[in-house]
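Asker: To start, I am sharing the structure in question, which I have written as structure tokens.
The values are calculated or read from the model by the stated rules, or taken from the named source; none is laboratory data. From a predicted model like this one, the values you see are computed outputs, not experimental measurements. Cβ placement follows ideal geometry from the backbone for every residue including glycine, while neighbour counts extend to all protein chains displayed.
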């Protein structure tokens, strides 16, 4: 007989066990599995002991999708051409989509990693970390320069 998951039962599990349950349940086309996924997400039980979210958390997946949009990469390139961190050009998109869920749980770090892929594909290379402009959520991010041919 399948386990009927409750919040108390989940909170008694280790973060690693919760991650395993979540990863398995999200792949199943089953109402009980989807209920478990909802319970885990609704109560922020995926935050690992170090404070971050796993890469398959919906917020992290949304950040990845936003950073992969051509228009977001265009804005990152424009920021880089102005000598700013690439993230400075497109962070507003993530803020608009995630609101106050962007900032904690290593989401800013994840955004920086995700925008990196688009920048490298367009022929830019990483240089240094630089402070983000005033009003940004991320404190600092990578500056890119165009590769010489």
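Let's see how each residue does on (1) in contact with a strand residue (DSSP E or B) (Cβ under 6 Å, 6 or more places away or on another chain); (2) assigned to a helix (DSSP H, G or I):
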site: 40; (1), (2): no, yes
site: 45; (1), (2): no, no
site: 50; (1), (2): no, no
site: 59; (1), (2): no, yes
site: 64; (1), (2): no, yes
site: 73; (1), (2): no, yes
site: 76; (1), (2): no, yes
site: 87; (1), (2): yes, yes
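Asker: Which of (1) modelled with pLDDT under 85; (2) on the phi < 0 side of the Ramachandran plot is the odd one out, the single condition residue 60 does not satisfy?
Answerer: (1)
Asker: Also, I was wondering about something else. Name the residues in segment 93-107 that are in a helix (DSSP H, G or I) and either touching a helix residue (DSSP H, G or I) at 6+ places or on another chain (Cβ under 8 Å) or not assigned by TED's automatic domain parsing to the domain that holds residue 132 (or both), would you?
Answerer: Those that are in a helix (DSSP H, G or I) and either touching a helix residue (DSSP H, G or I) at 6+ places or on another chain (Cβ under 8 Å) or not assigned by TED's automatic domain parsing to the domain that holds residue 132 (or both): 93, 94, 97, 98, 101, 107.
Asker: Okay, moving on. Being touching a residue at least 60 places away in the same chain (Cβ under 8 Å) and surrounded by 21 or more Cβ atoms within 10 Å (Cβ to Cβ) is the filter here; which residues of segment 78-120 pass it?
Answerer: 80
Asker: Go through (1) in a helix (DSSP H, G or I); (2) in contact with a helix residue (DSSP H, G or I) (Cβ under 9 Å, 6 or more places away or on another chain); (3) under 30 Å from residue 15 (Cα atoms) and name the single condition residue 54 misses.
Answerer: That leaves (1) as the condition not met.
Asker: Between 38, 68, which is touching a residue at least 12 places away in the same chain (Cβ under 8 Å) and either outside the structural domain of residue 94 (by TED's automatic domain parsing) or on the phi < 0 side of the Ramachandran plot (or both)?
Answerer: Only one candidate passes the filter, namely 68.
Asker: Same structure again: Looking only at residues that are in a loop (DSSP other than H, G, I, E, B) and more than 20 Å from residue 93 (Cα to Cα) in segment 123-149, which one is modelled with the lowest pLDDT?
Answerer: 149
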